[in-house]
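Everything on this sheet refers to the single structure shown next.
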Amino acid sequence: MRIAIISDIHANIEALSAVLEHIADQKVQDIVCLGDVIGYGPNPRECIEIVRAGRFCLMGNHEEAVMFYGEDFNEKARQALEWTKEQLNSPQYDRTKNYEMWNFLGSLEETRTEGDVMFVHGSPRVPTKEYMVPTDIRNREKMTEIFSMIPSLCFVGHSHIPGVYTDNFQFLSPDRIGGAYNHQGGKALVNAGSVGQPRDGDPRASYVVFDGRTVRFHRVEYDVRTTMDKIYATPGLPNYLADRLIVGR
Ligand code: ZN
């Protein structure tokens, strides 16, 4: 099995298209998505359409928020959430199409385990909401509890920071390990990073390829400027959401 794992697309169709083009050369059988297909970016409908064709997609906090509340969202995220909702309900589109989108969002699972590999948006403890960030590696209680819930390997997104958390309490950034992690026993949690809104200081789209043993981290350049201009031209989306794309923060 050789799969591509993508996450946190955030309605960025330019980033998603570039990543799909890159994936086309990776000889993968399937694409799985760890959630947050929507929110922040200007093309939620288009991104949902594409992701629906993948093997499976999990529920992210933005999918959850668009269907329920998003009470924990900050002002800018909430503004984008309202705009996204309008897009998905837009009378400009066929009503059946809109139902299909909402049905898809309503059908997303929170976690998926295949063999000894687990997939979740945030963390095994709090599937859609808990962040895994590099400083967590010093929080032994958190890491121990989370590793106790992982069969062998767990893929997450949500924090938009790619890397590997090992059960001997190390955080390995993709740079530090030459872009590849070999899983040889023990347990590990892998963050695939974000396709549409990286926050590790590198604006290029992030995703991983997993062949059952090795996880390879990839970064893909895309036309950031076009996405930014679309956001600037959309009154319902705060400019800040464009500004951050170019710096990857
Ligand atoms: Zn996200």
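Go through (1) assigned to a helix (DSSP H, G or I); (2) hydrophobic (A, V, I, L, M, F, W, C); (3) within 20 Å of VAL195 (Cβ to Cβ) and name the single condition MET132 misses.
Single failed check for MET132: (1).
Please list, ordered by residue number, the helices (runs of 4 or more DSSP H) wholly in the range 1-97 having 3 or more residues that are under 22 Å from LEU189 (Cβ atoms) and within 15 Å of the ligand (Cβ to nearest atom). Give the derivation first.
Numbers: elements: 13-23, 44-51, 61-67, 75-89.
Those helices (runs of 4 or more DSSP H) span 61-67.
Are there any pairs with C-beta distances below 6 angstrom linking a residue in the range 145-168 that is open to solvent by less than 10 Å² (accessible area, probe 1.4 Å) to a residue that is among the acidic types (Asp, Glu) and within 13 Å of the ligand (Cβ to nearest atom), with the two at least 6 apart or on different chains, and if so which?
GLY157/ASP8; HIS160/ASP8
Before we move on, is THR128 open to solvent by less than 20 Å² (accessible area, probe 1.4 Å), among the polar types (S, T, N, Q) and either at pLDDT 95 or above or in contact with a helix residue (DSSP H, G or I) (Cβ under 6 Å, 6 or more places away or on another chain) (or both)? Can you show your working first?
Working: open to solvent by less than 20 Å² (accessible area, probe 1.4 Å): yes; among the polar types (S, T, N, Q): yes; either at pLDDT 95 or above or in contact with a helix residue (DSSP H, G or I) (Cβ under 6 Å, 6 or more places away or on another chain) (or both): yes.
Considered against the rule, which asks whether it is open to solvent by less than 20 Å² (accessible area, probe 1.4 Å), among the polar types (S, T, N, Q) and either at pLDDT 95 or above or in contact with a helix residue (DSSP H, G or I) (Cβ under 6 Å, 6 or more places away or on another chain) (or both), THR128 comes out as yes.
Only residues that are more than 18 Å from GLY212 (Cα to Cα) and of a type in the set (Phe, Trp, Tyr): list them for the range 148-170, please. Quick ask: steps written out before the conclusion?
We begin by selecting, within the range 148-170, every residue more than 18 Å from GLY212 (Cα to Cα); these are 148-149, 157-162, 167-170.
The answer is PHE169, and nothing else.
If I ask for residues that are charged (D, E, K, R) and either surrounded by 24 or more Cβ atoms within 10 Å (Cβ to Cβ) or free of Cβ contacts under 8 Å to residues at least 12 places away in the same chain (or both), which ones from the range 1-20 would you list?
Here is the first cut: in the range 1-20, the residues charged (D, E, K, R) are 2, 8, 14.
Correct list: ASP8 only.
THR113: open to solvent by 40 Å² or more (accessible area, probe 1.4 Å), modelled with pLDDT of 95 or more and of a type in the set (S, T, N, Q), yes or no? Give the steps one after another, and end with the answer.
Working: open to solvent by 40 Å² or more (accessible area, probe 1.4 Å): yes; modelled with pLDDT of 95 or more: yes; of a type in the set (S, T, N, Q): yes.
The answer is yes for THR113.
Residue pairs, Cβ under 8 Å, 6 or more apart or interchain, first in the range 197-221 and on the phi < 0 side of the Ramachandran plot and of a type in the set (A, V, I, L, M), second open to solvent by 50 Å² or more (accessible area, probe 1.4 Å) and in a strand (DSSP E or B). List them.
Matching pairs, first to second residue: ALA205/ARG219; VAL208/ARG216; VAL209/ARG216.
Looking at ARG249, ARG176, ARG216, ARG199 in this structure, which one is open to solvent by 60 Å² or more (accessible area, probe 1.4 Å), closer than 26 Å to THR144 by Cα and part of a loop (DSSP other than H, G, I, E, B)? Break it down stepwise before answering.
On the way: ARG249 fails: closer than 26 Å to THR144 by Cα; ARG216 fails: part of a loop (DSSP other than H, G, I, E, B); ARG199 fails: open to solvent by 60 Å² or more (accessible area, probe 1.4 Å).
The conditions single out ARG176.
The values are calculated or read from the model by the stated rules, or taken from the named source; none is laboratory data. Since we're looking at a predicted model, the values are computed, not measured. Positions of Cβ are backbone-derived with ideal geometry, glycine not excepted, and every protein chain shown enters the neighbour counts. For accessibility, only protein heavy atoms count, side chains too; no ligands or nucleic acids. Shrake-Rupley method; radii C 1.70, N 1.55, O 1.52, S 1.80 Å.
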